[in-house]
């Protein structure tokens, strides 16, 4: 197969190149013209769990709520069904023997009336209440006019949560409530109001922009100035005095917005609602807090007179205007455009990736001295991405393309450059050592020698990415698919384009080449001499340092690895994300500063998070009637599938009624239950229904309400239950909103309007939700949420085991999405890491066929990963989605260097003792591995200026992983091999790539060949040739390396036609034995 492919490349290189370019170009044009290009307008998508127990419940709950909102499949508000389509005969309902029939003609009158007891249970507004309400509305309107007149129309309206806002902080960390700081805030405010972009979007009154709500403007208003520029130090002191005397009224909840009069509150405390608005909106919570006398103001918020939304140009104008002074700066901004700005910045910072590509292409150019190879490497990156995107989108039909997939470009840059280095080096060395061979032989040997290194490197990286495919977080799964596909496609393009270009660079086709190499080699002789001299000196120095101090490196790096494991698992530990806010930019970005730091530093924001706010309590929700199944596409965050109904669900069965009533009673006795006041009509509807059914059938205020009365005992017959529960819910949902606010709890009915087979069906309960409030306050602490979830889930599971068949498939749900994300990150990261390590172990074993080499290599990889993660922990990183992806990438990148060192050591051990093999492996691999680390690390360094968090974090990560991987592989792994590595005549598994060619007779060599045959015979690793290509451009230049001599050896294989060359190093063993007194290495 490979012979046929080689002949194709040699005889038709232009056709191969044209075919590859044409096919790959098509994958670029099709998405462009069809219009399915990537877009990142919703970067927060894809970071939810799918397929987990909690994730399935979350999706089912969302589908249930959507179905209720839509109202076609299921409804909870029975009043949405017109009464004229309801069954006109009670006998149409399903009933059993001894069930009483009801005349449905009186149904409308039943639904329009309630008993006296019912009114007590469901309070109604009286006519007196309506009069008071109307009078209050009229007074409010009159007071609004007075207030508007009293404040001299200074503000156009009141600040709301939907207004854009900025936060002032002192630049020097001092107090903001000083005269100079106030004047600086006034200056910044005036400069902001003078921006053209600001004037384009601001609310207008009397043909001018409305003033912003800010501390300086309230001081201006309270002191009756026309502009903040008129503020004096006396005004500052007077305002401070007012606040000191009035803040306790605010903390005692005696001050309200637009309050005009109060008998016990001084007038200056309610004038213009200044104290209330300053404390509530503009001054941070640490300024004059309750029961404290601190009057240091560290941050102040200003509300701008325009809404949050599409105002990116205003932010850009503010950034260009540099709105800051030596004392005050704008530290945080909330414009509601973080996702939109992220989409723009993600594309805008692509230039950093281009700079990275440009730098690496320069490295390729100076490494290979060929413009053609450089261009091919660039095309390889472009085509790998385009083909991968085409397969991802059109073949796999994955509609969701998360922004994390863009990060695969940075990794792919290094992979493509490495592949070019390997193949070009192999070609040059084989061409030099086999000058008499035909072009077919040279290309054949090039592929056979380079394919192993490229394939192994690609396989390990592919496995590292693919190990995250089974992640329950769909963003990580999509990244795994795309990045693994990109690496695989890169391999295919590399073995197609590069050999074809190498053929074109040969003498046979050189006269037809349009592109050209970078001049004759002799014109760059001086630069080559310098590079060779540096390389030789570096190899000699590194060999001496590593071999002489091998025990020092082993002990040092072992201690470092053990400390790293301690840092990750014991203290301080890899922390989980602590904020529900999805971070898109660096923490220093003003948008992130607001969400992460200042969002909870003002009272109007904290009012949503105080303990007495039910929204902050974790609810207890129990659902029956639908299975918690996620039938949607897990790779598409917008596809949640549909509801799957429980065919065994039967709430009308008498045993089900009794059990559900007892379930609610038991729930109230649990330690996690929290009792709340007020009517709870649907929280546990069975309790409400039983009380309502206990009323008398006839009373003085309404007609006969039979059968929905105390004529029947609980549990009720099936048909009575269906008929009366509909009537009860009709009354509940007719209750005024001031008394009853509909919630997610209660029975959920099928909508007979959409049952085409029978338009007279009575609405039947399809699902039931019981909801109460827990005494647990929502927190981002994984430990606390885990305790809550396990406690409630354990009790719920035990209760479901005692349920009748109709209610046995119930399940518990609450606000557990963030906790599930944390738990999934832990489990998936550990699982993917172990899978990748296992695959690396397997690959290493099949390549080396040596347990000792495999264990040493995998131990090195393990320490590289642990040390990398430990450094990220010490830098304050939390285990979030990007960090989980970084762990998988770390495995793929850390394997490369270790793999190449081990393979080179294995090759050298075939005919050399351990010390000589170490010198050979280190001399040949140190330079190319260092260059690979520099190029990949440089691609990460170019990402550091970006404000986009994924770019910046990946840049930091690549620098760290390359630095640690090279040092561990070069110093720790090589030292381990020098002490514990197998000798060529003592290893448990003999090495099989190149047999000893000297000091043994032919018969013994044939016996060894027969005993030890490997599929990797006659194949050199990347490291065999990577370091010497620049040193031996031609034979005359090779003599300039004083102690370096190339010994090409031809081996006559027994079963193949082609002739393969085995490159090996001959090191003066006596020198190595004599404590490395000399470092001359002979090639």
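The values are calculated or read from the model by the stated rules, or taken from the named source; none is laboratory data. On a predicted model such as this, the values are computed, not experimentally measured, just so you know. Here Cβ is always computed from backbone atoms with ideal geometry, including for glycine, and neighbour counts include all displayed protein chains.
Results for (1) buried (at least 17 other Cβ atoms within 10 Å of the Cβ); (2) out of contact with any strand residue (DSSP E or B) (no Cβ under 6 Å at 6 or more places or on another chain), shown as yes or no for each residue.
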{"position": "577", "(1), (2)": "yes, no"}
{"position": "586", "(1), (2)": "no, yes"}
{"position": "590", "(1), (2)": "yes, no"}
{"position": "596", "(1), (2)": "no, yes"}
{"position": "626", "(1), (2)": "yes, no"}
{"position": "633", "(1), (2)": "yes, yes"}
{"position": "650", "(1), (2)": "yes, yes"}
{"position": "679", "(1), (2)": "no, yes"}
{"position": "685", "(1), (2)": "yes, no"}
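For every residue, the table says whether it meets (1) in contact with a strand residue (DSSP E or B) (Cβ under 8 Å, 6 or more places away or on another chain); (2) within 23 Å of residue 236 (Cβ to Cβ); (3) touching a residue at least 60 places away in the same chain (Cβ under 8 Å).
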residue: 257; (1), (2), (3): no, no, yes
residue: 279; (1), (2), (3): no, yes, yes
residue: 288; (1), (2), (3): no, yes, no
residue: 294; (1), (2), (3): no, yes, no
residue: 299; (1), (2), (3): yes, yes, yes
residue: 322; (1), (2), (3): no, no, no
residue: 335; (1), (2), (3): yes, no, yes
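Can we say residue 278 is in contact with a helix residue (DSSP H, G or I) (Cβ under 6 Å, 6 or more places away or on another chain) and under 25 Å from residue 597 (Cα atoms)? Taking the combined requirement at face value, the residue satisfies it.
Given the criteria outside the structural domain of residue 403 (by TED's automatic domain parsing) and at pLDDT below 90, does residue 657 qualify? So residue 657 does not fit the description; no. Scanning region 204-223 for residues that are farther than 23 Å from residue 595 by Cα and surrounded by 15 or more Cβ atoms within 10 Å (Cβ to Cβ) yields a count of 11. Taking the stated definitions as given, is residue 835 closer than 15 Å to residue 896 by Cα and either touching a strand residue (DSSP E or B) at 6+ places or on another chain (Cβ under 6 Å) or in a helix (DSSP H, G or I) (or both)? No; evaluated as a whole, the condition is false for this residue. Within region 406-427, the presence of a residue that is within 34 Å of the chain's Cα centre (by Cα), modelled with pLDDT of 90 or more and either more than 28 Å from residue 925 (Cα to Cα) or not assigned by TED's automatic domain parsing to the domain that holds residue 954 (or both) is excluded.
Of all residues in region 184-199, those being surrounded by fewer than 19 Cβ atoms within 10 Å (Cβ to Cβ) and touching a residue at least 40 places away in the same chain (Cβ under 8 Å) number 5. For region 759-808, filtered to residues that are closer than 22 Å to residue 683 by Cα and part of a loop (DSSP other than H, G, I, E, B), the residue that is nearest to the chain's Cα centre (by Cα) is 778. Scanning region 197-235 for residues that are closer than 20 Å to residue 176 by Cβ and in a loop (DSSP other than H, G, I, E, B) gives 211, 212, 214, 223, 225, 227, 231, 232.
Kindly indicate whether any position in region 381-395 is under 16 Å from residue 932 (Cβ atoms) and in a helix (DSSP H, G or I). Yes, because at least one residue in region 381-395 is under 16 Å from residue 932 (Cβ atoms) and in a helix (DSSP H, G or I). The requirement of being buried (at least 22 other Cβ atoms within 10 Å of the Cβ), under 20 Å from residue 589 (Cβ atoms) and at pLDDT 90 or above is satisfied by residue 301. The single condition among (1) at pLDDT below 95; (2) within 19 Å of residue 186 (Cβ to Cβ) that residue 265 does not meet is (2). Of note, residue 311 satisfies the criterion of being assigned by TED's automatic domain parsing to the domain that holds residue 217, modelled with pLDDT under 90 and crowded, with 19+ Cβ neighbours inside 10 Å.
When 595, 639 are checked against the criterion of being at pLDDT below 95 and part of a loop (DSSP other than H, G, I, E, B), a single residue qualifies: 639.
Every condition in (1) surrounded by fewer than 19 Cβ atoms within 10 Å (Cβ to Cβ); (2) more than 21 Å from residue 826 (Cβ to Cβ); (3) modelled with pLDDT under 85 holds for residue 777 except the one numbered (3).
Only one entry in 699, 666, 629 is touching a helix residue (DSSP H, G or I) at 6+ places or on another chain (Cβ under 8 Å), assigned by TED's automatic domain parsing to the domain that holds residue 733, in a helix (DSSP H, G or I) and farther than 19 Å from residue 747 by Cβ, namely 666. Scanning region 931-985 for residues that are within 28 Å of the chain's Cα centre (by Cα) and not in a helix (DSSP H, G or I) yields 942, 943, 944, 945, 946, 947, 948.
Suppose we filter 350, 357 for residues that are within 22 Å of residue 948 (Cα to Cα), surrounded by fewer than 18 Cβ atoms within 10 Å (Cβ to Cβ) and either out of contact with any strand residue (DSSP E or B) (no Cβ under 8 Å at 6 or more places or on another chain) or in contact (Cβ under 8 Å) with a residue 12 or more places away in the chain (or both); which single one remains?
One residue alone meets the criteria, 350.
Being at pLDDT 95 or above and either under 24 Å from residue 825 (Cβ atoms) or buried (at least 20 other Cβ atoms within 10 Å of the Cβ) (or both) holds for only one residue in 557, 602, and it is 557.
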